[in-house]
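Okay, so here's the structure we're looking at.
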Amino acid sequence: MACGRRWRLWTLVSRRPDPAYGPVLSGNMADADRRLLFVHAHPDDESINNGATMAKYASAGAHVALVTCTLGEEGEVLVDDLAHLAADKDDQLGKYRIGELAAAMDALGVADHRFLGGAGRYRDSGMMGEPANERPDCFWQAPVDEAAAYLVQTIREVRPQVLVTYDENGGYGHPDHIQAHRVAMRAFELAAKPDFRRDLGEPWQVAKVYWNAIADSSIRQAIQALREAGDTTTFEGIDPDGDIPYAVPDDLVTTEIDGSDFAEAKLAALRAHATQITVDGPFFALSNNLGSEVMAHEQYRLVHGTRGLGSGDAGREADLFAGLSA
């Protein structure tokens with residue numbers, strides 16, 4: 001993977017639903033009793049990774065909560081008229097992205113969105129090896145237990161049955177994604193401990209923890225389809241027959257949410273993040289001139305909790321609450 005680039009290559013464009021997956025909200029728990037918590041590094045990560053999932057569960061009446069760990073101050077600015085907001089100029093991008101995130105959440109129907117420790121508590125760390133990593137106020141430099149305590153308070157307040165975050169590599173190696181993983185997993189552990197910070201609320205055990213994932217076969221099919229269509233700039237430099245280090249082996253992907261009915265909501269959320277994402281029909285380009293075909297089927301890897309019954313050829317869960325009851 002090229003260094004110094006903000007690679008966020010997830011599957012995203014809507015495709016015809018596979019009836020083998022069945023309805024998503026098919027468990028034994030009433031929709032109003034379902035509570036999910038998503039933990040992300042920057043504004044826009046949630047829409048790219050989980051936009052269709054968030055919209056689907058929110059529409060069904062579940063409580064969907066989002067914690068964003070930084071304001072994304074180090075992001076590149078795609079809008080020429082807003083270029084002055086960048087970190088190397090007026091350094092006001094983070095404040096502007098608060099509004100972008102609010103608009104994205106409105107598009108997804110998510111009312112509960114907050115910043116870890118409050119807006120601006122932790123600053124965007126930039127890409128690995130950049131000077132921004134060395135700032136004492138950046139998220140990468142935050143003591144994990146200190147940052148985790150803020151998330152423990154949210155977990156004990158929201159009391160989610162399901163928590164979703166990144167894998168140990170943060171998907172593609174961004175320091176803030178890695179740190180978000182560490183903080184989320186530590187908070188998951190601490191929130192359940194009766195002897196940890198009772199001032200943060202009553203202990204709560206999250207039943208299921210998922211990491212965002214993209215199956216190896218899915219990303220290869222997407223790249224191949226783009227190449228056959230004549231698109232050589234999206235996933236630039238990636239060989240669909242070669243090694244794709246951020247892809248997850250198919251057998252580790254446990255869950256796939258069919259968000260086909262919420263593809264437009266996801267696209268609207270992506271459009272809201274205008275400084276970072278340019279949406280053109282079913283495609284969007286990120287600030288590194290790489291893109292991803294926006295697919296409303298979103299994939300996950302269950303890493304804690306009991307796997308529910310699956311369906312389809314891959315036997316994947318079709319519901320993040322599969323196997324849970326009230």
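The values are calculated or read from the model by the stated rules, or taken from the named source; none is laboratory data. The shown structure was predicted, so the numbers you read here are calculated from the model rather than taken from an experiment. Every residue, glycine among them, receives a Cβ derived from its backbone with ideal geometry; neighbour counts consider all protein chains shown. Just so you know, the surface numbers come from the protein's heavy atoms only, side chains and all, with ligands and any DNA or RNA stripped out. Shrake-Rupley method; radii C 1.70, N 1.55, O 1.52, S 1.80 Å.
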Given the options A102, A30, name the one that is open to solvent by 10 Å² or more (accessible area, probe 1.4 Å), without any contact (Cβ under 8 Å) to a residue 12 or more places away in the chain, at negative phi and of a type in the set (A, V, I, L, M). A102
May I ask you to verify whether W211 is at pLDDT 95 or above and either part of a loop (DSSP other than H, G, I, E, B) or open to solvent by 60 Å² or more (accessible area, probe 1.4 Å) (or both)? no
Please determine whether any residue of the range 76-83 is of a type outside the set (S, T, N, Q), under 29 Å from A296 (Cα atoms) and surrounded by 22 or more Cβ atoms within 10 Å (Cβ to Cβ). no
All but one of (1) farther than 22 Å from Y57 by Cβ; (2) open to solvent by 10 Å² or more (accessible area, probe 1.4 Å); (3) of a type in the set (V, I, T); (4) more than 14 Å from the chain's Cα centre (by Cα) hold for V152; which doesn't? (2)
Determine whether the range 168-176 contains at least one residue that is buried (at least 24 other Cβ atoms within 10 Å of the Cβ) and in a helix (DSSP H, G or I). yes
I48 versus (1) among the aliphatic types (A, V, I, L, M); (2) surrounded by fewer than 24 Cβ atoms within 10 Å (Cβ to Cβ); (3) modelled with pLDDT under 95: which is the lone unmet condition? (2)
For the range 192-208, which residues satisfy the criterion of being closer than 18 Å to H40 by Cα and either of a type in the set (S, T, Y) or not in a strand (DSSP E or B) (or both)? V206
Conditions (1) within 18 Å of F139 (Cβ to Cβ); (2) of a type outside the set (D, E); (3) in a loop (DSSP other than H, G, I, E, B): number failed by K89: (1)
Members of the range 76-96 found to be modelled with pLDDT of 95 or more, out of contact with any helix residue (DSSP H, G or I) (no Cβ under 6 Å at 6 or more places or on another chain) and closer than 26 Å to A184 by Cβ, listed by number: A87, G94, K95
Considering residues that are within 14 Å of Y300 (Cα to Cα) and not hydrophobic (A, V, I, L, M, F, W, C), the number found within the range 182-216 is 4
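Residue-by-condition table, conditions (1) modelled with pLDDT of 90 or more; (2) surrounded by 22 or more Cβ atoms within 10 Å (Cβ to Cβ); (3) among the basic types (K, R):
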{"residue": "A268", "(1), (2), (3)": "yes, no, no"}
{"residue": "A274", "(1), (2), (3)": "yes, no, no"}
{"residue": "G281", "(1), (2), (3)": "no, no, no"}
{"residue": "S287", "(1), (2), (3)": "no, no, no"}
{"residue": "S292", "(1), (2), (3)": "no, yes, no"}
{"residue": "A314", "(1), (2), (3)": "no, no, no"}
{"residue": "E317", "(1), (2), (3)": "yes, yes, no"}
{"residue": "L320", "(1), (2), (3)": "yes, yes, no"}
{"residue": "L324", "(1), (2), (3)": "yes, no, no"}
Can you tell me which condition M185 does not meet? The list is (1) open to solvent by 40 Å² or more (accessible area, probe 1.4 Å); (2) aliphatic (A, V, I, L, M); (3) over 17 Å from K208 (Cα atoms), and all the others hold. (3)
Matching residues, the range 94-133, being hydrophobic (A, V, I, L, M, F, W, C), farther than 23 Å from K266 by Cβ and in a helix (DSSP H, G or I): A132
Search result, residues across the range 194-240 that are within 19 Å of D250 (Cβ to Cβ) and among the basic types (K, R): R220
What are the residue pairs meeting all of these: first residue in the range 72-99, first residue over 18 Å from F115 (Cβ atoms) and without any contact (Cβ under 8 Å) to a residue 12 or more places away in the chain, second residue open to solvent by 50 Å² or more (accessible area, probe 1.4 Å) and in a loop (DSSP other than H, G, I, E, B), Cβ atoms under 6 Å, and 6 or more apart or on different chains? H84/D90
In this structure, is L71 assigned to a loop (DSSP other than H, G, I, E, B) and at pLDDT below 95? no
